[in-house]
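So the structure is just underneath, and the comments pick up after that.
The values are calculated or read from the model by the stated rules, or taken from the named source; none is laboratory data. None of these values were measured; they are calculated from a predicted model. Neighbour counts are summed over all protein chains in view; Cβ atoms, including those assigned to glycine, are modelled from backbone coordinates with ideal geometry.
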Amino acid sequence: MGASRVTTASVRMRSVAPCVLALCLLLVSQRGFSHDLGLVRIDLSPLPASRLAISVNAPPGSAPATLFAQGCQPVEMGEAARDTPLVNQRWILECAHAGEAVLRFDGIEEGAVVTSAGAAYTEGMFLDSVEGEVSVRPFDLVAGTGYSFAGYLQLGFKHILSGWDHLLFVLMLCLLASGWRLVKLVTAFTVGHSITLAMAVLGYVAVAGAAAEACIALSIVFLARQVLVPAGLAHGYAIVGAFGMLHGLGFAGALTEAGLPADRIIPALLAFNLGVEAGQLVFVALALVLFTLLVRPGLLQGTRATLAWLGGAMGCYWTLTRVVAG
């Protein structure tokens, strides 16, 4: 009898150990800020006499980018400043043939948000990195022809898959329900964050600040507790929808930073939101497949409890770091 208990406990620990290891590594590797995509921001500003000012801001720890300019000659170049959290670089180019100008930035791993600040609004687009390189035709973007539906779609997809707190919230939903109830809960979350994402981007509400980011982390703690209580989640759709509205303010930060074309706000917003939803659905599908393949039916309850405890601990960790940093 005693040996049987030891064997059962050993099997149970082996089943939940991968989950524990994955979440612990995630906790150690994250800094408590979920909305940093690791993207480089490239700002383009047209100047008189066919000149172009370029500003490159890279995340902390990044290597300086290398600029190769076709059709332009550098007339001024600043050193890569590291006295701030970001890595800042500046160039001024003289472009005699604007239509032929092509800028290539090497040393950019995750992609870049490229904006033009030459008009009364900011025109922006997301460019993915190809083998560490990002290329852009600067005067096309300045002229307002740089918008790409696919680019904003990709930005939304990449944002949700790097937003660990959003993904952890969705994982708690996967632990709370299954079947059509899970579909309805995820739909309520989607409706909620879609509403506030649109409202924030259109300027009706403020983008998430430190307090809102801390509350987003607290929403994970709340759901983790609901996984552990026998009653489950009461009034689930309304609560998850309300939390979704809170998370939507976090989504809006990345889109606002990227910049929106003034005459194409709605399609850009739609593309970004569709990218977010695509990433969310991919994550839900992967989570369900992993539960089915890796967790034995008899150990499902123990695995759910383990993930809920670890998810709640991570939510507490993010809350504290955001409160302190804010």
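So here's what we get for this one:
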item	result
Any chance Leu161 is modelled with pLDDT under 85 and among the hydrophobic types (A, V, I, L, M, F, W, C)	yes
Residue within the range 107-114 that is within 18 Å of Pro48 (Cα to Cα) and either at pLDDT below 85 or under 23 Å from the mean Cα position of the chain (by Cα) (or both) present	no
Candidate set from the range 88-106 (those that are over 21 Å from Val130 (Cβ atoms) and touching a Pro at 6+ places or on another chain (Cβ under 9 Å)); member that is modelled with the lowest pLDDT	Ala98
